[in-house]
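A short write-up of the structure that comes next.
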Amino acid sequence: MDSDGTVPSNTPSNTPSNNTPFDTPPNTPITPPPLPIITSSAAPPDSITLRLAPDKDSFSNLIDSQPSELSDVMTAMGVNKYKPGRLVPISPTEFFFCTAPPKVNDSQLNTLPSFPLLSKLNSNKTYSLIDDPGAKPLLSFLLSGYKFTTYKSKNSTTPPSPPLHLPNTPASTISQVQSIASAIYLTRTLINTPAEHCTPSHLQSSLESLSTTFPNTTTTTWVGDDLLTPNPTFSAVLPGGVCGQIHAVGRASSTPSTSPRLITLTRKLDPSYPTVALVGKGVTFDTGGLSMKSPGGMLNMKKDMGGAAHVIGLAKAVMELELKVNLEVYVPAVENNVDSKSIRPLDVIRSINGVTTEIGNTDAEGRLILADALALAASKEPDVIVDFATLTGAARVALGTAVPAYFSNSASFSDLLTEAGHEVDDPIWRMPLYEGYEGRMKSRVADLRNVPSDGGMGGAITAACYLRNFVKKVGGKKEGENEKKEEEVPWIHFDVNGADGAGWGEAQGFRAALEMITKMQK
């Protein structure tokens, strides 16, 4: 029976599907909306001139420079006081815009400064901002223009953003913030797109489209049972030889568009450049599997591919900004569905590096697919691995929806990331990769469990401890104080919410990671 108690009718298998106008073929990349138009060119003569007032003193100076008659009128209208976000008319063709005062960068958790100008502009006008706002406010301006209206019936009537001319802002600054904003738009759109239209095959097409756009890149994808077929890419250096965990999680969805897959992109520029590996969890919908979620718990699970969205967007930004790094991207993409082929609690599966995992909960699937991808990435020994995943509710309980948790086995890269987040006002917070919890992930019948045997306390930490088993160098050893220990690739693990407090897709830790990669250039 259906959940409403009715008995479903027997629908013939050849009945046409109820397609909507929004259905997209599986081989179509998902595209974000356009950015607001900004340009460094001179504005046409009929443009409205904008001046910035970043604080009370500058606003007072601008007001004092006006004729007394105008000052009196402004006082009578009640617009002679500085108020962040206020657009003050001076004449029909000139306005003052009160920006928020600059923040004192004394906190690791600063956020991007607000620049709410776009919503106050008339779409039928052209504007010239003659003061240079700087990169951060300009990025905030572009990000405020994001609208996800694909599924709105009146989408075609949405007015375009008015052009904004910035004659005194360097063209290089405009180009840089456009590249970053465009990549964040892509990340947001991938997360916001419903699971029916953002399947593993759509993630594949979106990553492959980057390969056709940027030179020196190649993509390879293994789909379905190909994940279980030994091939030189896997078995030459990894004892497991096959991506058993990606396949096990995703095998309950076997349509051409939802079959499990590992999607990779490689960008090789120069052997002397540092190599960055990006790994993103791509669970395009998560029912929880046989350990099924409640209706409320399942409601927002279209965003469970937020990690994949982050690394696809990051790859776009790195290549569009022409950063001098080699790039390796890994996206394990699955649906965690319910079927006769679903993995069961207490099943044992094997990862690509030969480590076996006993399933304690089929709803802890993200770490399983990440494990295969991380092990493959670690086998190439990049300078650093950065993974993004909407992994645990425990991270949200600890830090809320706006501050992503991150873990790292490298003090130097953790310091570099923290510094980068501070500089670009991207709030992130390091959590402990506590070795004392590693024993909780051991199994009596396999090497590991995917959830602790003693309950869920410290769930974000135990998830990171599980993943740490898959960032070891193949055959690598180093001398410890008392025993030999396997050497690890430097690794950063982001546990993100993937959405803002209102539920819209959001790039979190994105700008911090991008700035860290920028700093890695030689």
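The values are calculated or read from the model by the stated rules, or taken from the named source; none is laboratory data. Predicted model, so just to flag it, every value in this text is computed and none were measured. Glycine gets a Cβ as well: all are built from the backbone with ideal geometry, and neighbour counts include every protein chain shown. Accessible surface areas use protein heavy atoms only, side chains included; no ligands, DNA or RNA. Shrake-Rupley method; radii C 1.70, N 1.55, O 1.52, S 1.80 Å.
Structure summary
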read-out: Residue list for segment 212-237, restricted to those being open to solvent by less than 40 Å² (accessible area, probe 1.4 Å), at pLDDT 80 or above and of a type in the set (A, V, I, L, M, F, W, C); value: Phe214, Trp222, Leu227
read-out: Filter result for Asn336 (modelled with pLDDT under 95 and not charged (D, E, K, R)); value: no
read-out: Any hit, segment 420-428, residues being assigned to a loop (DSSP other than H, G, I, E, B), open to solvent by less than 30 Å² (accessible area, probe 1.4 Å), in contact with a helix residue (DSSP H, G or I) (Cβ under 6 Å, 6 or more places away or on another chain) and among the aliphatic types (A, V, I, L, M); value: yes
read-out: Segment 141-162 - residue that is touching a Ser or Thr at 6+ places or on another chain (Cβ under 6 Å) and open to solvent by less than 40 Å² (accessible area, probe 1.4 Å) and, of those, farthest from Pro92 (Cα to Cα); value: Thr149
read-out: Meets criteria (touching a Lys or Arg at 6+ places or on another chain (Cβ under 9 Å) and modelled with pLDDT under 95) for Glu483; value: no
read-out: Residue within segment 284-299 that is open to solvent by less than 10 Å² (accessible area, probe 1.4 Å) and not in a strand (DSSP E or B) present; value: yes
read-out: Candidate set: segment 44-73, residues that are in contact (Cβ under 8 Å) with a residue 40 or more places away in the chain and in contact with a Leu (Cβ under 9 Å, 6 or more places away or on another chain); chosen: the one most open to solvent (accessible area, probe 1.4 Å); value: Arg51
read-out: Condition broken by Ala411, with the remaining ones in (1) over 23 Å from Val276 (Cβ atoms); (2) open to solvent by 50 Å² or more (accessible area, probe 1.4 Å); (3) aliphatic (A, V, I, L, M) satisfied; value: (1)
read-out: Only one of Gln176, Gln245 that is open to solvent by 30 Å² or more (accessible area, probe 1.4 Å), in a helix (DSSP H, G or I), modelled with pLDDT of 95 or more and of a type outside the set (Asp, Glu); value: Gln176
read-out: Filter result for Thr401 (within 29 Å of Ser114 (Cα to Cα), open to solvent by 10 Å² or more (accessible area, probe 1.4 Å) and assigned to a loop (DSSP other than H, G, I, E, B)); value: yes
read-out: Residue ID - farthest from Gly366 (Cα to Cα), chosen from residues in segment 248-283 that are aliphatic (A, V, I, L, M), open to solvent by less than 20 Å² (accessible area, probe 1.4 Å) and outside any strand (DSSP E or B); value: Ala252
read-out: Of all residues making up segment 343-365, the number that are surrounded by fewer than 20 Cβ atoms within 10 Å (Cβ to Cβ), out of contact with any strand residue (DSSP E or B) (no Cβ under 8 Å at 6 or more places or on another chain) and modelled with pLDDT of 95 or more; value: 3
